[in-house]
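The values are calculated or read from the model by the stated rules, or taken from the named source; none is laboratory data. Being a predicted model, the structure only gives us computed values, none of them experimental. When we count neighbours, we look across all protein chains shown, and the Cβ atoms used for this are built from the backbone with ideal geometry, even at glycine.
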Amino acid sequence: MMSKKRVLGFSTVATLLLGGGVALYAMPGIAVPDEALAASTKGLLADPAPQRFEIAQAQATGTSTLPGGASSLNETYRDWRVACAQKGTAKQCAMSQAQAHQNGQRVLAIELGAPAGNTVSGTLVLPFGLALDSGVIFQIDDKPAMQPVRFRTCVPAGCLVNISFDAATIVALRAGTALKIKATADGGAATPFSISLQGFGTALDRVATLAR
């Protein structure tokens, strides 16, 4: 089951979305451009094979603990991206996944921070046009569905859901194939989403190592 711990805040994906003033594409007919998000996630799902991390050329002003003394890096593990940035002695790492239709319309974005104890927390961004009172329900493959989770709020980027997974759920995510999301459209129709779990375990371990 999901734990009830509150997510601490936004990081890579959410910061890009909110800080850049971009908007996720909603359902057909409610599309808003999101060039900044598209650029930040370009190639995220294109290559299923792990890629070598890309070290930024600029060096941190302080002593960096990232590989090669880099100020930032990006790595891809199947369908997940790992990103870290360091400014001085402060370091922030997260794993994320974004999805888009073939026509470029954004579907969703999810970001998870480094594990804190036995919990992994983050933010899910879903498109507009959903019944907010219904919340969302998570389900890993064909396992029993979890308790509904309420939307936190809606902003120009989309509608946000705070997510927090406990130790048992993390084990199931590592072994799973897809994290299914059940939402309801404003008109009452079921609106399912699915997040690939390919590369999830490797990306989570990498985030945990880099965040130390």
Mind checking which residues of the range 182-212 are part of a strand (DSSP E or B), touching a residue at least 60 places away in the same chain (Cβ under 8 Å) and not hydrophobic (A, V, I, L, M, F, W, C)?
Thr191, Ser196
Enumeration of residues in the range 177-212 that are among the charged types (D, E, K, R) and at pLDDT below 95:
Asp186, Arg212
Give the residue, chosen from Val136, Val120, that is over 20 Å from Ala185 (Cα atoms) and either buried (at least 22 other Cβ atoms within 10 Å of the Cβ) or modelled with pLDDT of 95 or more (or both).
Val120
Where residues in the range 160-181 are of a type in the set (Val, Ile, Thr) and either surrounded by 16 or more Cβ atoms within 10 Å (Cβ to Cβ) or in contact (Cβ under 8 Å) with a residue 12 or more places away in the chain (or both), which of them is nearest to Leu66 (Cα to Cα)?
Ile170
Given the residues Asp141, Asp133, which is the only one that is among the acidic types (Asp, Glu) and without any contact (Cβ under 8 Å) to a residue 24 or more places away in the chain?
Asp133
In the range 61-95, which residues are at pLDDT below 85 and either assigned to a loop (DSSP other than H, G, I, E, B) or among the hydroxyl-bearing types (Ser, Thr, Tyr) (or both)?
Thr61, Gly62, Thr63, Ser64, Thr65, Leu66, Ser71, Ser72, Gly88, Thr89
